[in-house]
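The values are calculated or read from the model by the stated rules, or taken from the named source; none is laboratory data. Here the structure is a predicted model, which is why all the values come from computation and not from measurement. Quick reminder, even Gly has a Cβ in these numbers, built from the backbone with ideal geometry, and neighbours come from all protein chains shown.
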């Protein structure tokens, strides 16, 4: 099974993840496809930004425009991050596909497949939900805006689109750009939780492999000979070999989590900031709309999408921290009496290391957890109250 297949499949389809097997003219053609899609996406963000800065007459209009524009700019940042960090992301995948991270027995594969399935189905659910919302917005625009020759998104253009040809070229550009942006968001928003879940999978496999230590004791315990000095030294050697492999595995897991965090942390911070602004803008817009209008329902769906984005980061970040604590508890629950002194010392070292939690952060400032999600909602509500009082 391809690791994080849905995320990379979407990126590959839209030109932001060149398959490693491509070379020569095929790679150049794919690179050209990437540039075209980048231009389409960045042009929409640029025209929206100019329109926002030049033609926003009041707070309500500014917030409505900013809500969509920030989402498109966020998609641009995510696409740029994927392209810029391609080699580092490939190294992450390589780490998971090589020893000691590669599953080596039936139980390892059961654990790995369980987490892969969780990633697959959560990604599918998120993708379907997001695209249903985006499709609803597009269909609504086609029914409402197209007959009146209005654009789906307000934007500054260096030409007049009164003619039917120019209007449809511009409208189709916005449609394609928003579609690309939505799928970039889906792939990125499932890629990061996917890396978090892969970290959890490796920690589960690590806990399973520690059980090999108890099997060493059982082997000697059922031996016909008592534990002579020679047998005791042999037992220590076997334990130390197992513990050495596990320490190497644990260090690699920590390195994987740290590398994944360093690749995505600043874009997550931007996402975190955008979510705060968009949630605030959405609530502000909803307070000025009639609940029975289509606009109200569209903004509600849009707001739920943004909340889901940041919820996934915080929820899976919280799971990683919990799984790290479980490693310490699992070691503590082992049968220490049967272990040799050098092995006990090595296990104490691992336990000490687990006291420093494996965590994913937003810009190395905010730890991604359910507590930070709660803080984001409070911040958005506070900003909404300030806006409401000043408007």
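Those residues that are farther than 18 Å from residue 206 by Cβ, in contact (Cβ under 8 Å) with a residue 12 or more places away in the chain and assigned to a helix (DSSP H, G or I), I need them from segment 325-342; list them, please.
Selection gives 338, 342.
Given 345, 356, which one is surrounded by fewer than 20 Cβ atoms within 10 Å (Cβ to Cβ), in a helix (DSSP H, G or I) and more than 21 Å from the chain's Cα centre (by Cα)?
345
So which residues in segment 271-293 are crowded, with 18+ Cβ neighbours inside 10 Å and under 20 Å from residue 315 (Cβ atoms)?
Scanning segment 271-293 gives 271, 272, 274, 275, 276, 278, 279.
Results for (1) modelled with pLDDT under 85; (2) more than 20 Å from residue 325 (Cα to Cα); (3) surrounded by 13 or more Cβ atoms within 10 Å (Cβ to Cβ); (4) within 15 Å of the chain's Cα centre (by Cα), shown as yes or no for each residue.
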{"position": "162", "(1), (2), (3), (4)": "yes, yes, no, no"}
{"position": "186", "(1), (2), (3), (4)": "no, yes, yes, yes"}
{"position": "190", "(1), (2), (3), (4)": "no, yes, yes, yes"}
{"position": "195", "(1), (2), (3), (4)": "no, no, yes, yes"}
{"position": "199", "(1), (2), (3), (4)": "no, no, yes, yes"}
{"position": "202", "(1), (2), (3), (4)": "no, no, yes, no"}
{"position": "206", "(1), (2), (3), (4)": "no, no, yes, no"}
{"position": "228", "(1), (2), (3), (4)": "yes, yes, no, no"}
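How many residues does segment 62-120 hold that are surrounded by fewer than 21 Cβ atoms within 10 Å (Cβ to Cβ) and not in a helix (DSSP H, G or I)?
9
Of the residues 98, 34, 47, which single one is closer than 23 Å to residue 134 by Cβ and without any contact (Cβ under 8 Å) to a residue 60 or more places away in the chain?
34
Quick one: residue 171 ticks every box in (1) touching a residue at least 12 places away in the same chain (Cβ under 8 Å); (2) under 30 Å from residue 193 (Cβ atoms) bar one, so which box is it?
Failed condition: (2).
Given the conditions (1) out of contact with any helix residue (DSSP H, G or I) (no Cβ under 6 Å at 6 or more places or on another chain); (2) under 19 Å from residue 373 (Cβ atoms), and given that residue 287 satisfies all but one, which numbered condition is not satisfied?
(2)
Please specify each residue of segment 359-376 satisfying the condition of being modelled with pLDDT of 80 or more and part of a helix (DSSP H, G or I).
370, 371, 372, 373, 374, 375
Looking at segment 300-312, is at least one residue closer than 30 Å to residue 249 by Cβ and in contact with a helix residue (DSSP H, G or I) (Cβ under 7 Å, 6 or more places away or on another chain)?
yes
Return a yes/no flag: does segment 148-160 have any residue that is assigned to a helix (DSSP H, G or I) and crowded, with 16+ Cβ neighbours inside 10 Å.
Taking every residue of segment 148-160 in turn, none turns out to be assigned to a helix (DSSP H, G or I) and crowded, with 16+ Cβ neighbours inside 10 Å.
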